[in-house]
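See below for the structure under consideration.
The values are calculated or read from the model by the stated rules, or taken from the named source; none is laboratory data. All values reported here derive from a predicted model rather than from experimental measurement. Here the Cβ positions follow ideal geometry from the backbone for every residue, glycine too, while neighbour counts run over all protein chains shown.
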Amino acid sequence: MSDSGTRATEALLHALEARERGELKPAIRHLQEAAALSAPEHYCHHLLSGWLIEDGRTDEARAILETIVREAPAVAPMLDLAALVTRDGDLTRARGLYSAVLALEPANAVASTMIGRVDAAIEDTARRLDRTMGDLVLEHRYPTPYVEFAGRPHGAHTDGLWVNGQRLDAWGFPNHAPPKLPKPANELRLFVLGDSTLFGGSDLDQTVPALLERELHGRGFDRARVYNFSIVSACSRQMLVLLLLDLVDHAPDLVVVCNGALDLLLPRVYDPRPGYPLAFFMTETLVKHFFDPSCADQPLTRAAFLNRAAADQLKLRYETGWLTDAWEEALVGDYLRSVEKLARLAAAYGIAVALLLEPMVATRAEPTAEERDYLKPETFDYYRRQYGRIRRALFGADAAPSARPSRMTVHDASAAFDAEAETVFKDYMHFNPTGCRLMANYMAGVVTGRLGAR
């Protein structure tokens, strides 16, 4: 036996003796010495990975297992590595490892069982993605520079999933026409930014912003012209970018921004990262798996893409601590930073902004029984909890003064329904006709309060 072989054997014996005494950390140190002197296929490497996992050092264990699988592939380390990457949410990698085990041992029961479970998890998530993306993706989430997506120019306007036969404007928004420059001298120009709650309507004249315009005319603001720049499924960051890059140069007298709900909803259902557009992870999937030249032989079918995107979403959920308290607080923190940026944008460009914290069923003081049934109890509690955090930050005694500078006011739009005992929502966040009318009236109060006598 060579000198290095002798030292490796001695270190291994010391490791086993320490382990027998229950001294895990000294045992690991001796085993690391033995592994450093041993060939990749020696069993001490696999043994070391197990002890490291037991000691909570999973990153080190994974690195060792990766080396074993690469240089001396065997069933046992492959299964251990697959278990680790599964726990880390990397189901695509796990599936590849279980498949490799079955190539070596076709009857391996563990690999057969686990590959079935991995496939079931991916396919279930893919089905959810397929359903939630809906049939109107191309109409309402059309690729748009910097904003990520908006309505398709001259695309279909809808009331929920019902196509009402009317078309969006040339910019892809629910207006009869975009604003013109120069602005007409007699026009009092209002821009409204929101999500699907303000986008939809039985026709273009029945959206909440259209009702707002008529309400303002009834209150004596005859020159008011309201432009609806709502985007289905948009979060607050997307509205911020839209205002900065596309709208500030079109001379608004007041910008009304209504958001908050989707900053809490989208990460819970789609991309779990705070502030990300709903399906950004799917764009990443497309780039990783189909634009990478090394993956050129993969079939680009819709089903294959959804499965890969689902696996990526599950991995992101693990990495972000999805549904944990820390994750919930991160979502709120990101939204509040978006509010702060909107305030700074208003000050920098000298524009008047009214931010409305978007109402949902869960934000009503006393939702009706019908409204409570729109959400599972745990989901209702989630939104209650999150809105409580946001409200304390924006409206509580300790609210940061910088969140409400002179050019931006902040309003809790759930107040629109305080005096209404009947149902005002048709689902967890979209208004029924009564809700639309009350929301438009509330917004008119905010607008007239900001504009004064014009």
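Sort out which residues of the stretch 204-238 are among the aromatic types (Phe, Trp, Tyr) and in a loop (DSSP other than H, G, I, E, B), and write them in order of number. Break it down into steps so the answer makes sense when it comes.
As a first pass, look at the stretch 204-238 and keep what is among the aromatic types (Phe, Trp, Tyr): 221, 227, 229.
Of everything in the stretch 204-238, those that are among the aromatic types (Phe, Trp, Tyr) and in a loop (DSSP other than H, G, I, E, B) turn out to be 221, 229.
Tell me the residue from 280, 221 that is in the same structural domain as residue 360 (by TED's automatic domain parsing), more than 17 Å from residue 197 (Cβ to Cβ), of a type in the set (Phe, Trp, Tyr) and surrounded by fewer than 24 Cβ atoms within 10 Å (Cβ to Cβ), please.
Every option except 221 fails the conditions.
Mind checking which helices (runs of 4 or more DSSP H) fall wholly inside the stretch 1-106 and carry at least 2 residues that are in contact with a Lys or Arg (Cβ under 7 Å, 6 or more places away or on another chain) and among the aliphatic types (A, V, I, L, M)?
Hits in the stretch 1-106: 75-87.
Quick one: which residue in 260, 321, 275 is among the small types (Gly, Ala, Ser), farther than 30 Å from residue 190 by Cβ, surrounded by 13 or more Cβ atoms within 10 Å (Cβ to Cβ) and modelled with pLDDT of 95 or more?
On the way: 260 fails: farther than 30 Å from residue 190 by Cβ; 275 fails: farther than 30 Å from residue 190 by Cβ.
Criteria check complete, one pass: 321.
Go through the stretch 354-375 and give me each residue that's in contact with a helix residue (DSSP H, G or I) (Cβ under 9 Å, 6 or more places away or on another chain) and surrounded by fewer than 12 Cβ atoms within 10 Å (Cβ to Cβ).
Of everything in the stretch 354-375, just one residue is in contact with a helix residue (DSSP H, G or I) (Cβ under 9 Å, 6 or more places away or on another chain) and surrounded by fewer than 12 Cβ atoms within 10 Å (Cβ to Cβ), namely 365.
Conditions (1) surrounded by fewer than 18 Cβ atoms within 10 Å (Cβ to Cβ); (2) assigned by TED's automatic domain parsing to the domain that holds residue 383; (3) aromatic (Phe, Trp, Tyr), marked per residue:
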residue	(1), (2), (3)
408	no, yes, no
417	no, yes, yes
422	yes, yes, no
435	no, yes, no
438	no, yes, no
443	no, yes, no
446	no, yes, no
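Taking residue 140 as meeting all but one of (1) out of contact with any Asp or Glu (no Cβ under 9 Å at 6 or more places or on another chain); (2) within 23 Å of residue 306 (Cβ to Cβ); (3) without any contact (Cβ under 8 Å) to a residue 24 or more places away in the chain; (4) surrounded by 17 or more Cβ atoms within 10 Å (Cβ to Cβ), write down the number of the exception.
Result: residue 140 passes all but (3).
Take the residues in the stretch 405-454 that are hydroxyl-bearing (Ser, Thr, Tyr) and assigned to a loop (DSSP other than H, G, I, E, B), then tell me which one is nearest to residue 358 (Cα to Cα).
In this case the residue turns out to be 428.
Taking the condition of being surrounded by 13 or more Cβ atoms within 10 Å (Cβ to Cβ) and of a type in the set (D, E, K, R), how many residues in the stretch 20-40 meet it?
3
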